[in-house]
Amino acid sequence: MRRCGLTVFATAAMFCSHSLGFQLLRKNVGRNKAAEAVRGQSRAFSRRCPLQMVNKEQVATVTEQNGKAPAYTFTIVRHGHSSWNAANLFTGWADVPLAEEGVAECKEAAEILSKAGMGFDIVHTSMLKRAIQTTWTILEEMDRMYTPIEYQWRLNERHYGELQGRNKKETVEKFGADQVQIWRRSYDIPPPPVEGGKSNKWWPGNDARYAGVPEEELPFSESLLDTKKRVLPCWFGNILPDIVGGKRVLVSAHGNSIRALLQYLDDIPDDVITELNVPTGVPLCYYLDENLQPLKHPDGIGPLSGNYLGDQEKIRARIEGVKKQTG
């Protein structure tokens, strides 16, 4: 069976954005019923082999904290520091590589994961090279380059519309700090759409890699809410079936696509998720119970149930660094 980010083939087709679990969630029947639908479908073709991905120390800590052992685990990582992060530019769907600092972050992440005794059976990443390069670097450093990778356009960064490619400081000077803050941190207000519509170079329809995506699903600009609406079908349709099916899963994505997923997992309020800062290149482990509800790790920062792996003081400093960025 072969899968890719644009099309789901054979048995896995049942997990597309119209899967029973996702449809139940859209009808607001509850997370448990949606989770059970996915579990039932997954058992039709996968075996359940939980807890292969984290070391015994982490599992024991979560078990003691919650009074029960996790049934499933998976890991998330935001791409390393990119060249446009370094240049202080709005990036969005612009395809830029990692900066040297970002490559070093990924190598450090791989070392942390290896020391924790972790490995992966599959990686879900975006269609953007900074996340792909993060994936490749981590797998190479872990000597697991053979690991299958699924490229998902739905895991792309939020589309920043007309702000893409602009210097963040200059944008503040032109439009004012309050307006830029609204565009950056409001939950449901997107930045201005790309000028010229489909003729603009930043409209994804002009990029060959999105040729298989329906035009109506390609954004001209996105809010965090818009990003969440496209990320959740990927969670239910591609990522979650692998987790429940027993695979050791790594999700390598972007600040806002990760925010969107974390908001769903931890049921984070709209006004709180917009202030959540995800550090670059730091593995974030999540532990789920039999109903796919997150179990709280005592080292979870802020509203997050999962825990970042590594030096906690250094991680908090990296989070503060993200917070201090103009955008």
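The values are calculated or read from the model by the stated rules, or taken from the named source; none is laboratory data. This one's a predicted model, so the numbers in the text were calculated from it and none came from an experiment. Because the Cβ atoms are built from the backbone with ideal geometry, glycine has one as well, and the counts that use them run over all protein chains shown. Areas reflect the complete protein model, heavy atoms only, side chains present, ligands, DNA and RNA absent. Shrake-Rupley method; radii C 1.70, N 1.55, O 1.52, S 1.80 Å.
Listing for the model above:
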| read-out | value |
| --- | --- |
| Residue match in the stretch 140-150 (condition: closer than 26 Å to Ser221 by Cα and polar (S, T, N, Q)) | no |
| Options Ala109, Ala35, Ala86, Ala60; residue that is surrounded by 16 or more Cβ atoms within 10 Å (Cβ to Cβ), small (Gly, Ala, Ser) and either at pLDDT 95 or above or more than 23 Å from Asp242 (Cα to Cα) (or both) | Ala109 |
| Some residue of the stretch 63-82 being on the phi < 0 side of the Ramachandran plot, in contact (Cβ under 8 Å) with a residue 60 or more places away in the chain, part of a helix (DSSP H, G or I) and open to solvent by less than 40 Å² (accessible area, probe 1.4 Å) | no |
| Flag if Asn206 is in contact (Cβ under 8 Å) with a residue 40 or more places away in the chain, open to solvent by 30 Å² or more (accessible area, probe 1.4 Å) and farther than 30 Å from Leu292 by Cβ | no |
| Hits in the stretch 160-188 (condition: open to solvent by less than 80 Å² (accessible area, probe 1.4 Å) and in contact with a helix residue (DSSP H, G or I) (Cβ under 7 Å, 6 or more places away or on another chain)) | Leu163, Thr171, Val172, Val180, Trp183, Tyr187 |
| Some residue of the stretch 225-241 being of a type outside the set (Gly, Ala, Ser), assigned to a loop (DSSP other than H, G, I, E, B) and at pLDDT 95 or above | no |
| Among the candidates Ser252, Ser257, residue that is in a strand (DSSP E or B), within 23 Å of Asn277 (Cβ to Cβ) and not acidic (Asp, Glu) | Ser252 |
| Condition met for Val213 (at pLDDT 95 or above, buried (at least 21 other Cβ atoms within 10 Å of the Cβ) and not in a helix (DSSP H, G or I)) | no |
| Hey, Glu101 surrounded by fewer than 19 Cβ atoms within 10 Å (Cβ to Cβ) and either closer than 19 Å to Asn256 by Cβ or in contact with a Gly (Cβ under 9 Å, 6 or more places away or on another chain) (or both) or not | yes |
| Single match in Pro283, Pro241 (criterion: within 21 Å of Val59 (Cβ to Cβ) and open to solvent by less than 50 Å² (accessible area, probe 1.4 Å)) | Pro283 |
| All positions within the stretch 133-175 that are over 17 Å from the mean Cα position of the chain (by Cα), aliphatic (A, V, I, L, M) and not in a helix (DSSP H, G or I) | Met142, Met145 |
| Qualifying positions in the stretch 256-265 - surrounded by fewer than 21 Cβ atoms within 10 Å (Cβ to Cβ) and either touching a helix residue (DSSP H, G or I) at 6+ places or on another chain (Cβ under 6 Å) or not aliphatic (A, V, I, L, M) (or both) | Tyr264 |
| Residue within the stretch 296-305 that is at pLDDT 95 or above and under 16 Å from the mean Cα position of the chain (by Cα) present | yes |
| Residues being part of a helix (DSSP H, G or I) and closer than 19 Å to Tyr210 by Cβ - total across the stretch 96-132 | 4 |
| Output for the stretch 266-275, where each listed residue is open to solvent by 20 Å² or more (accessible area, probe 1.4 Å) and either assigned to a loop (DSSP other than H, G, I, E, B) or more than 30 Å from Leu98 (Cβ to Cβ) (or both) | Asp267, Pro269, Asp270, Asp271, Glu275 |
| The stretch 286-313, residues that are in a loop (DSSP other than H, G, I, E, B), touching a residue at least 60 places away in the same chain (Cβ under 8 Å) and open to solvent by less than 20 Å² (accessible area, probe 1.4 Å) | Asp289, Leu292, Leu295, His297, Gly306, Leu309 |
